[in-house]
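**Q** Here it is, the structure, as structure tokens.
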Amino acid sequence: MANEKKTDVVILGFLYHEPMSGYDIKKRIDNELKYFFNGSYGSIYPALCALEQDEKIEREEIKDTNRGKILYRITDKGVNALKEWISSEGNKDELRYETLLKIFFGGSVGNKATIKQIESFEKKINGELKMLNFFQNNLLNVIDEDEDHLYFLLTVKFGIETYNGHLNWCREAKKILKEREK
């Protein structure tokens with residue numbers, strides 16, 4: 001599941017909590033995940049079909065109106081796939097933060113697995129921050145040699161500030177989760 005489309009796991013994550021229609025899933029993505037994930041109807045409905053074919057979800061037609069409504073439910077196979085994805089390491093974090101998706105749906109695996117995700121993210125950020133500090137020191141030594149060095153430095157400083165913010169968040173998030181365990 002680690003290499004599958006993120007739309008699949010978003011759908012499984014929502015369906016883990018309650019049956020939903022494709023329209024309901026789209027509304028939840030737009031309202032709850034808009035800061036770190038987006039999905040279109042053009043990605044949601046094909047994903048629903050594929051998940052149904054893979055027996056990770058099942059559909060139920062509700063005839064409470066003239067049009068009818070299709071609700072999707074997660075199956076045991078889908079729950080297992082979701083849990084496997086949430087527990088997997090090696091996240092692709094860029095403008096879309098897979099780590100945040102896993103934490104958003106972390107209630108299905110609990111605090112320990114979520115803390116493990118945060119620690120994995122923290123380790124990655126610490127490594128990247130060391131490299132950015134190295135780049136910053138080198139650029140400061142040659143800043144006047146080439147105009148581009150200033151712009152390189154600005155992007156490196158952005159990364160340093162961003163990663164420092166990530167590390168602060170990691171500490172706070174782990175603290176909150178560990179306090180909840182007591």
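The values are calculated or read from the model by the stated rules, or taken from the named source; none is laboratory data. The shown structure was predicted, so the numbers you read here are calculated from the model rather than taken from an experiment. Glycine also receives a Cβ, built like all others from the backbone with ideal geometry; neighbour counts cover every protein chain displayed. Surface accessibility is based on the protein's heavy atoms, side chains included, excluding ligands, DNA and RNA. Shrake-Rupley method; radii C 1.70, N 1.55, O 1.52, S 1.80 Å.
**Q** Do the conditions hold for Ser21, that is, is it closer than 29 Å to Leu167 by Cβ, out of contact with any Gly (no Cβ under 7 Å at 6 or more places or on another chain) and open to solvent by less than 50 Å² (accessible area, probe 1.4 Å)?
**A** Here the answer is no, as Ser21 does not meet what is asked.
**Q** Give the residue, chosen from Glu128, Glu119, Glu98, Glu145, that is touching a Cys at 6+ places or on another chain (Cβ under 9 Å) and charged (D, E, K, R).
**A** Exactly one of Glu128, Glu119, Glu98, Glu145 is touching a Cys at 6+ places or on another chain (Cβ under 9 Å) and charged (D, E, K, R), namely Glu119.
**Q** If you check Ile143, Ile115, Ile160, Ile125, which single one turns out to be outside any helix (DSSP H, G or I), surrounded by 11 or more Cβ atoms within 10 Å (Cβ to Cβ) and not polar (S, T, N, Q)?
**A** Within the list Ile143, Ile115, Ile160, Ile125, the selection yields Ile143.
**Q** Report yes if some residue within the stretch 53-65 is more than 24 Å from Leu100 (Cα to Cα) and in a helix (DSSP H, G or I); otherwise report no.
**A** Scanning the stretch 53-65 turns up at least one residue that is more than 24 Å from Leu100 (Cα to Cα) and in a helix (DSSP H, G or I).
**Q** Still on this structure, I have one more. Working only within the stretch 66-108, note down all residues that are open to solvent by 20 Å² or more (accessible area, probe 1.4 Å) and hydrophobic (A, V, I, L, M, F, W, C).
**A** Passing the criteria: Ile70, Leu71, Ile74, Val79, Leu95, Leu100, Ile103, Phe104.
**Q** Provide a single number: the residues in the stretch 27-40 that are under 15 Å from Phe14 (Cβ atoms) and either among the small types (Gly, Ala, Ser) or open to solvent by 90 Å² or more (accessible area, probe 1.4 Å) (or both).
**A** Looking only at that region, the number is 5.
**Q** While we're here: Which of the residues spanning the stretch 83-98 are farther than 12 Å from Lys6 by Cβ, among the polar types (S, T, N, Q) and either at pLDDT below 85 or part of a helix (DSSP H, G or I) (or both)?
**A** Ser87
The rows are residues; the columns are (1) of a type in the set (Lys, Arg); (2) on the phi < 0 side of the Ramachandran plot; (3) free of Cβ contacts under 8 Å to residues at least 24 places away in the same chain.
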position: Lys124; (1), (2), (3): yes, yes, no
position: Glu128; (1), (2), (3): no, yes, no
position: Leu132; (1), (2), (3): no, yes, no
position: Glu145; (1), (2), (3): no, yes, yes
position: Tyr163; (1), (2), (3): no, yes, no
